[in-house]
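The next block holds one structure in the form of structure tokens; read it before the comments.
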Amino acid sequence: MADTPYAPSRIRALPSWLLGRAAARGHRLVAEALAAEGLRMMHHAVLAAVAELGPVSQAELGRTLAIDPKDMVAVVNDLQRDGLVTRTPDPGDRRKNAVEISADGRRRLRRTQRLGDEANAELTAALTPAERAQLIDLLTRIARPAE
């Protein structure tokens, strides 16, 4: 990889270093794919969460995704401006906003999910389907050891 910084051979053999390089490549591939649809990764994550959880309060969305409230307001503003979500007063508490995905948001999410899948396929192109499944299992066990 031309964009990989130099590291001594012992370091290059460490799982932590390899995971970091793989994560950086995956992030770049997915970010580039989402940019083709005019979305940044955080916007895509919020849109996907709204589709899965919505209607959901902005505050709950921020807590669920661990996004700072100020950043969440900016992301939801962007998504609403682009017609991808709607924000209405929460019927249970008028002081809160309920965020829901729009029909345009669902269409955009389907496209960005497909593009993300394609980027992940490119990331794991050197692996067989069985190796991909094994990689996902191994990474899950590393990322969430208590489960």
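The values are calculated or read from the model by the stated rules, or taken from the named source; none is laboratory data. Owing to the predicted nature of the structure, the values given are computational and were not obtained by experimental measurement. Reconstructed Cβ throughout: ideal geometry from the backbone, glycine too, with neighbour counts over all protein chains shown. Please note that ligands, DNA and RNA were not included when accessible areas were found on the heavy atoms of the full protein model with its side chains. Shrake-Rupley method; radii C 1.70, N 1.55, O 1.52, S 1.80 Å.
Just so you know, in the stretch 56-81 the residues that are of a type in the set (Asp, Glu) and farther than 20 Å from ARG108 by Cα include one that is surrounded by the most Cβ atoms within 10 Å (Cβ to Cβ), and it is GLU60. Given the condition more than 22 Å from ARG132 (Cβ to Cβ) and either hydrophobic (A, V, I, L, M, F, W, C) or modelled with pLDDT of 95 or more (or both), answer yes or no: does some residue in the stretch 20-34 qualify? No - not one qualifying residue is present in the stretch 20-34. Residues in the stretch 45-57 that are in contact with a Lys or Arg (Cβ under 9 Å, 6 or more places away or on another chain) and at pLDDT 95 or above: LEU47, ALA51.
To keep it simple, each residue is scored yes or no on (1) closer than 27 Å to GLY26 by Cα; (2) modelled with pLDDT of 95 or more.
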{"position": "ILE67", "(1), (2)": "yes, yes"}
{"position": "GLY92", "(1), (2)": "no, no"}
{"position": "SER102", "(1), (2)": "no, yes"}
{"position": "ARG108", "(1), (2)": "yes, yes"}
{"position": "ARG114", "(1), (2)": "yes, yes"}
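Among the conditions (1) touching a residue at least 40 places away in the same chain (Cβ under 8 Å); (2) of a type in the set (A, V, I, L, M); (3) more than 24 Å from GLU118 (Cβ to Cβ); (4) touching a Gly at 6+ places or on another chain (Cβ under 9 Å), VAL30 misses just one, which is (3). Screening ALA126 on (1) in contact (Cβ under 8 Å) with a residue 24 or more places away in the chain; (2) loosely packed, with under 11 Cβ neighbours inside 10 Å; (3) not acidic (Asp, Glu) shows it passes everything except condition (1). Exactly one residue out of LEU34, LEU53, LEU84 is under 27 Å from ALA22 (Cβ atoms) and surrounded by 11 or more Cβ atoms within 10 Å (Cβ to Cβ), and it is LEU34. Among the residues of this structure, ARG40 counts as one that is open to solvent by 30 Å² or more (accessible area, probe 1.4 Å), of a type outside the set (S, T, N, Q) and touching a helix residue (DSSP H, G or I) at 6+ places or on another chain (Cβ under 7 Å). Annotation note: Cβ proximity below 8 Å between a residue of the stretch 53-81 that is among the hydroxyl-bearing types (Ser, Thr, Tyr) and a residue that is open to solvent by 20 Å² or more (accessible area, probe 1.4 Å) and part of a helix (DSSP H, G or I) (sequence gap 6+ or interchain) occurs for THR64/LEU53. Of all the numbered requirements in (1) part of a helix (DSSP H, G or I); (2) closer than 30 Å to LYS96 by Cα; (3) acidic (Asp, Glu), GLU32 misses one, and that requirement is (2). Restricting the stretch 87-107 to residues that are charged (D, E, K, R) and touching a helix residue (DSSP H, G or I) at 6+ places or on another chain (Cβ under 7 Å) leaves a set whose member that is surrounded by the most Cβ atoms within 10 Å (Cβ to Cβ) is ARG87.
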